[in-house]
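Following: one structure in structure tokens, then a few remarks.
Throughout, read-outs are computed from the coordinates displayed, never taken from laboratory work. Worth saying up front: this structure is predicted, and the values here are computed from it rather than measured. Note: ideal-geometry Cβ built from the backbone for every residue, glycine included; neighbour counts use all protein chains shown.
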Amino acid sequence: MTEPETLTGGCACGQLTFAARGRPKRVGLCHCMTCRKVSGSPFNAFVIFPVGQVTISGEMRGWSATPESERCFCPRCGSQVFDRDRGDEIE
């Protein structure tokens, strides 16, 4: 049997990292005002995984534009790394 694919990423300085295993629930683009401001572009690309498929390492800080989610970033370099849904998803 084949091992599930693992996608990895992190902030610019490497202090905050993540590993997501398996297939994402959804992939898309968002063009809401917050995503445009955060990304500095007309849209923000995203991939959504269930929380149980994601491992996060390092120190992070967060802020919320809406009550439903928290945008998490590295406190050292300021890079936004992921969005944590108040439910069961990580984007």
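Structure above, values below:
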read-out: Karplus 3J(HN,Hα) series, Hz, for the stretch 60-74 with 6.51 cos²θ - 1.76 cosθ + 1.60 (x for Gly, Pro); value: 9, 10, x, 8, 10, 8, 9, x, 7, 8, 10, 8, 9, 9, 7
read-out: Dipole magnitude of the chain about its Cα centre (Cβ charges: Lys, Arg +1; Asp, Glu -1), debye to nearest 20; value: 240 debye
read-out: Rg to Rh quotient for the stretch 1-78, alpha carbon positions, Kirkwood Rh; value: 0.98
read-out: The chain: most fluctuating residue of V27, V54, V81 per GNM, C-alpha cutoff 10 Å; value: V27
